Each structure stands twice: as structure tokens, then as C-alpha cells.
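Below: one structure, written as C-alpha cells.
No lab work stands behind these numbers, since they all come straight from the coordinates. Computed from a prediction, not measured in an experiment: that's the story for all the values here. Heads up, the Cβs are rebuilt from the backbone with ideal geometry, glycines too, and the neighbour counts pull from every protein chain shown.
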């Protein structure tokens, strides 16, 4: 096959020389000219020259028009496709599926589930052993492994690295796709043990406007070919997954704001009820094996603190109280600030006895740690705490909270409010 130029014959799925397409047309013109010469020889002369010239112009115009109608993608299908032509159709189907998934599930799946779905779809296009989504913090100096799917997931999820470290850091800084079969830089940033199953990695930046808002990184046990086709494939993947990840992250952020208390950064009352309903449903199915205890807590004399010292100090006290309570809880426990100075805690799998142990631990922490009014002045925050245990004290959120709040009021009455021992300079 040779130096002859080829075009696609779309109707037959085969290729023919471009010059062959104009042979019938030239034969037809020659037949017209031959007929003219036989039937009217007296016209041969300047008229025949004019006819020949017109025929040549017609041929040239037809050839030019035909060439303009040939699409660029047909003239050079190999350069236009992001992967070899045999995988082009499969690639497009998978990527369209990603877009459809975003439209169907974008507002109903949480960010972690959406990441797993996208990761699975991308894995059908380009197989890998693990994938991660890294996002920057507010000051963009660190990248966090927000989601991780595949081998060693627990070792990566939630891990933070400097935004200038590893392959993901390079992609985040320069906004380009990075492919590497030498993981020494990532081993220095992430630890050799975490990367032991892998021999190559690729980092694909997620860009909105001019800003990189995340990096999609894949890890493979086999080398990744650094060819133009591979880069084109990753560019196509990036084009489709970037809006999906962006929408998912934005939805998660907006949901987080709706469920977060602005002062303490803790979950709010709405989040508390959502988690409590879910936990109680689990306990209903395993009544004997899965007890739950909830705590209702408020700050003794908090209204006087706000009146005497102002709301700025009151807000700091709320933040201090939330942080101290959280330090005494187990990892599975759920703490929320609900209304005013009230905090509620869900203690999954905690019997009444375990609940009492945690209450005692919280009280000891506040007895030994003072709230700082200034560098050399402190104040001991006292708490009122009530509790209720599932099944024994109620089976619905309303019943449990009613019992816990009643016990909290009893704790208040045991030690009535008194004069607050604040130094004079702190009192308005």
C-alpha cells in the first residue's frame, strides 16, 4: 500500500484510493466530448477548446468540493482517537456512562459512594489496582487522601501530605498529567510499606477554571506506558470525571455546612437526629447485642457568662467545652451541639454502665482543665449531664431525650446557680 492517499468509505467500511473516486466522472466527460466531435465536426476549433476548458474547471471544482466534505476525523482516524481505534467505541461508551451516572446519582449518592462508582467505571477503561482522590486544604499547603478505593485503602484514607510532595503534588502544582514507574518520590511522602504492592502510578489533575481543586491518582502493579495514546486516554478520563468529582464535592460541602454548627465546628441538631435515628434502627434489629446510651449536657450558669462577659467569651467557652467533651469519647461516639449551650452525645454499643464511665471521665476532665479567660486567669467550667439507655429508658428518640433531659434537670437542682467567681476586669 503505498504512497496513495486513502479516505474512509463509510458506507462500506473499507478504504479506496482517492483518485479512483473521480474515474467515472472523467469517463463521462470524455464520452460527452467524443459525441460532440462525431455529431458536429464543424464545431471543432475554438468552441471545442472552450468546452475542454470548461470540463477541466468542472473537474477541479468537483474535486475541491469533495475534499472539503471529507471530515478531518475520517482523514486521520488514528490521531483523532484517544486510544487505538479498536478501543475507541468502548472508551466512548464507558465515558458516557460516567456522565449518565453523574446525572442520575449526583445528588443522591454521598461523596464516598460516588467516588467508588466513578473509580469502577474508570477501571473498566484503564485497569488499575487502587485509586485515590486528593483534595487541598484551605491554605492549599497540604493534600488529603479524601477517598481511596482498592488495595491498602485503610492505610491511605485520611492521610495528609504536603502539596509539593510525590506524584500527586507535582500534578497539583503544574496542572498536568503525571505518569511515573519510579515511585521513590511517593515512597518518601507516603511510606514504602503503603506502596509495596504497586510499581507505577499516574496523577490526573482536576481543574475548574484556572484552579486545580483535586487530583485523581491511580496505582498499578504493572508499568504504565508513557505513550501519546495513554496521555490522550487520561485526558479523556479527566474531561469526564472532573465535573462529576466537582459536583460531588460541592454537594458534600453544602450538606456539611447544613449539618455543622458554625461556632464549634461540631455536627448540629439536625445531624444529631439523623444519626440517632440510624443508630436506633440498628439497635432495634439487635436489641440484646447492641445497646445505645445517649447523653444530654449543658454548661452550668452559661446564661450568666454571656451576660457578664459577652458573647465572644461565651462562644469561646462553647468551643472549649465541645473540644474537651470530644477528647473523652471513643472514636465511634457522636457529639453534636444542638441548641444554645446544649450538647448531645450518642454512645453506640454502650450499656448504662459504660455510659456512667464516660460521664465520670468527662467530669474529671473539666475538673482538671480550666477555660482560659486570659494568659493568667482561668475558670472551671461545670456541666450538667443526664443520660438515657435504649430499651431501658425508651425506644424512640423522643423518649430517650425526655429521660436524659429530666436527669439533666435533676443534676442542675442538686447544685443551684450561684455567684460566678470572675475577676472584676472581665465583668461588663
Problem set entry | Whole-number percent relative contact order across the range 269-426, with pairs defined as alpha carbons under 8 Å at least 6 apart | 31
For this session: Mind giving me the FRET efficiency for residue 323 and residue 174? R0 is 41 Å, r the Cβ-Cβ distance, nearest 0.05 is fine.
Result: 0.60
Exercise. How high is the relative contact order of the range 85-258, in percent, with contacts defined as C-alpha pairs under 8 Å that are six or more residues apart?
Worked result: 22
Seminar exercise, completed: For the residue 290, residue 252 Cβ pair and Förster radius 25 Å, calculated FRET efficiency rounded to 0.05 is 0.35
For this session: Just grab the label-to-label distance for residue 124 and residue 365, each label 7 Å out from Cα along the Cβ direction, in nm (one decimal).
Result: 4.7
For this session: Using 0.36 nm per residue of separation minus the Cα-Cα distance, give me the extension gain between residue 278 and residue 184 in nm, one decimal.
Result: 29.4 nm
Problem set entry | Gap separating the Cα centres of the range 341-392 and the range 228-273, nearest whole Å | 33
Problem set entry | Tensor-based shape of the range 243-402 (alpha-carbon gyration tensor, a/c under 1.5 rounded, otherwise prolate or oblate) | oblate
Seminar exercise, completed: Counting only backbone N atoms under 15 Å from a point 7 Å out along Cα-to-Cβ of residue 221, the residues of the range 148-189 in range are 150-153
Seminar exercise, completed: Placing each pseudo-label 7 Å from Cα in the direction of the beta carbon, residue 113 and residue 339 end up separated by a distance in nanometres of 3.1
Problem set entry | Gain on full stretching of the segment that runs from residue 208 to residue 409 - 0.36 nm per residue minus C-alpha separation | 67.1 nm
